Amino acid sequence: DPKELAHVFDKTLANTSPGFDALTPAEEQGVLQVRDDGLAFRHELARRAVEQSLTALRRRTLHRRVIAALAEAEPRDLPRLVHHAVRADDVEAILVYAPAAGREAAAAGSHRQALAHLEAALRHAERLPGRERARLHDDHAWELHNAHRHEEAVAESERAVALFTAIAEPLALGS
């Protein structure tokens, strides 16, 4: 039952009874898998059923708890942090992790993933200081170029140039 499993997860994450022992039946029935890095649903449909059985406020709260736990882990799993930050609507976490995740994905040649992360950050770019905001637009322009979205890339490059001009960054303008 998704609602019952959601309740068990909720209690487990809250560090109150019933704890991890209550998840044993879910593991035995193949709903959950125990991995070296934690617990995982065996099937995405089961995970979605449990997630959808939670209220929106509870989902947001749990996503924020996951962010706090992942932020302490080394090495940091930036894509997972961004995923949970977006789901939690945690703008501060999005602005911290999404640009870094985008750059990491771009460096690995995963340009679609880079675009997704950078676009998550761009939704809140007005909250960034000038240099970070300009760099975000510049990185986004490059990823748009790599995606063969050239008209958008030119427009985004023009935004980056205007921002770099406004903060007097001649080296960034040159590149």
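The values are calculated or read from the model by the stated rules, or taken from the named source; none is laboratory data. Nothing here was measured: the structure is a model prediction, and the numbers come from that model. Note that each Cβ is placed from the backbone with ideal geometry, even for glycine, and that neighbours are counted across all protein chains shown. Keep in mind that these areas ignore ligands, DNA and RNA; they rest on the heavy atoms of the full protein, side chains included. Shrake-Rupley method; radii C 1.70, N 1.55, O 1.52, S 1.80 Å.
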Once amide hydrogens are built 1.01 Å from N within the peptide plane, the residues lying 5 or more places from Leu32 or on another chain with amide H under 5 Å from its amide H are Glu27, Arg42
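Express in nm, to one decimal, how much length is gained between Arg65 and Glu158 on full extension, taking 0.36 nm for each residue of separation and deducting their alpha carbon distance.
Extra length from Arg65 to Glu158 when fully extended: 29.6 nm.
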Extending each Cα 7 Å along its Cβ direction at Arg80 and Ala100, get the distance between those two points in nm, one decimal.
1.5
Distance between modelled label sites at Glu92 and Gln29, nm, 7 Å Cα→Cβ extension:
3.9
Calculate the spin-label point distance for Asp37 paired with His124, positioning each point 7 Å from the Cα along the beta-carbon direction, and give it in nanometres.
2.3
Which label belongs to the value computed from this structure, given these candidates for Kirkwood radius over Cα pairs in Å: [x] 15.9; [y] 18.2; [z] 17.1?
[y]
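Share of segment 113-174's accessible area from carbon and sulfur, percent, 1.4 Å?
On the way: 2000 of 3660 Å².
That share works out to 54 percent.
Write down the accessible area per residue of the chain in Å², having rolled a 1.4 Å probe over the full set of protein chains.
On the way: 10940 Å² over 175 residues.
The answer is 63 Å² per residue.
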Round to the nearest 10 and give me the degree value, 0 to 90, for the angle of helix 78-88's Cα axis relative to the longest principal axis of the chain.
80
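Rounded to the nearest 500, what is the chain's calculated 222 nm mean residue ellipticity when only DSSP H runs of at least 4 contribute -39500 (n - 2.57) each, over all residues?
Working: 10 runs with 123 residues, N = 175.
It lands at -22000 deg cm²/dmol.
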If you take the beta carbon distance between Leu171 and Glu151 as r and set R0 to 25 Å, what does 1/(1 + (r/R0)^6) give as a FRET efficiency, to the nearest 0.05?
0.40
